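All remarks here apply to the structure that follows.
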Amino acid sequence: MFIESIRIENGQVLLEELHLKRIQNTQLEIYGFISITDLNIAIPKELKKDIVKYRLHYEKIITAIEFEIYHPKSIHNLKLVEDNQIDYHLKYADRHCLNDLKEKYTEYSDILITQNGYLTDSSYANIVLHDGYHYFTPNTYLLNGVQRQHLLASGFIKERDIHQDTLQHYHTLFLINAMLDWDNKIPVPISSIDS
């Protein structure tokens, strides 16, 4: 089972084409064909003035949909955690590999996963680092998120190798995902990242 989380703001579906493309790429990789050709999101009238998380569950077909008012997580610190086994290149509904890892470090707001020392993602978001001049995202991501794809395509951020030993070259890390667009990204000072 797979999941897609989509931001709806004031009745507008954000990055819908990128979400649909990810769904279709997942179906092609897993099933060898595409059966979901559009999302047809009917937003309930009472939610049209809010920021809404639209969650779509799917396999060969859409199996369930959910709407909820979105409230971002509060993130104060991150723990660097090395795990070379995690594979989350598809947006699986079963996130046990990420959740189990995060549960080991409950004294932190979230984890920052590394593989072979290179930064990937947090447990629920892609990352962008700012060096005072430019914005960079790791090319060693776990999931190629739609917000990440959008910011790369716009030229606003650039990809690069980012090793944990080079964190001191950056000032701030930002968490982004479909629900955390650039205007709503969560900043985390580099000093709040523990190794």
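The values are calculated or read from the model by the stated rules, or taken from the named source; none is laboratory data. The shown structure was predicted, so the numbers you read here are calculated from the model rather than taken from an experiment. Methodologically, a virtual Cβ is constructed for each residue, glycine included, from the backbone with ideal geometry; neighbour enumeration extends over all protein chains shown.
With respect to the stated conditions, residue 70 fails to be touching a residue at least 12 places away in the same chain (Cβ under 8 Å) and either under 30 Å from residue 165 (Cα atoms) or exposed (fewer than 11 other Cβ atoms within 10 Å of the Cβ) (or both). For the range 182-195, residues that are in contact with a helix residue (DSSP H, G or I) (Cβ under 8 Å, 6 or more places away or on another chain) and surrounded by fewer than 17 Cβ atoms within 10 Å (Cβ to Cβ) total 3.
Taking the criterion of being crowded, with 20+ Cβ neighbours inside 10 Å and either assigned to a helix (DSSP H, G or I) or not β-branched (Val, Ile, Thr) (or both), the residues of the range 144-169 that qualify are 145, 146, 147, 148, 151. Scanning the range 125-139 for residues that are surrounded by fewer than 20 Cβ atoms within 10 Å (Cβ to Cβ) and in contact with a strand residue (DSSP E or B) (Cβ under 8 Å, 6 or more places away or on another chain), we see that the one that is farthest from residue 96 (Cα to Cα) is 134. Selection of the range 87-114 for residues being touching a strand residue (DSSP E or B) at 6+ places or on another chain (Cβ under 8 Å), within 18 Å of residue 30 (Cβ to Cβ) and surrounded by fewer than 16 Cβ atoms within 10 Å (Cβ to Cβ) yields 90, 93. Scanning the range 10-50 for residues that are acidic (Asp, Glu), surrounded by 10 or more Cβ atoms within 10 Å (Cβ to Cβ) and at pLDDT below 95 turns up just one, 50. The criterion of being closer than 23 Å to residue 72 by Cα and not basic (Lys, Arg) does not hold for residue 167. Among the residues of the range 84-105, those that are over 18 Å from residue 175 (Cβ atoms) and part of a loop (DSSP other than H, G, I, E, B) comprise 84, 85, 87, 89, 90, 93, 94, 104.
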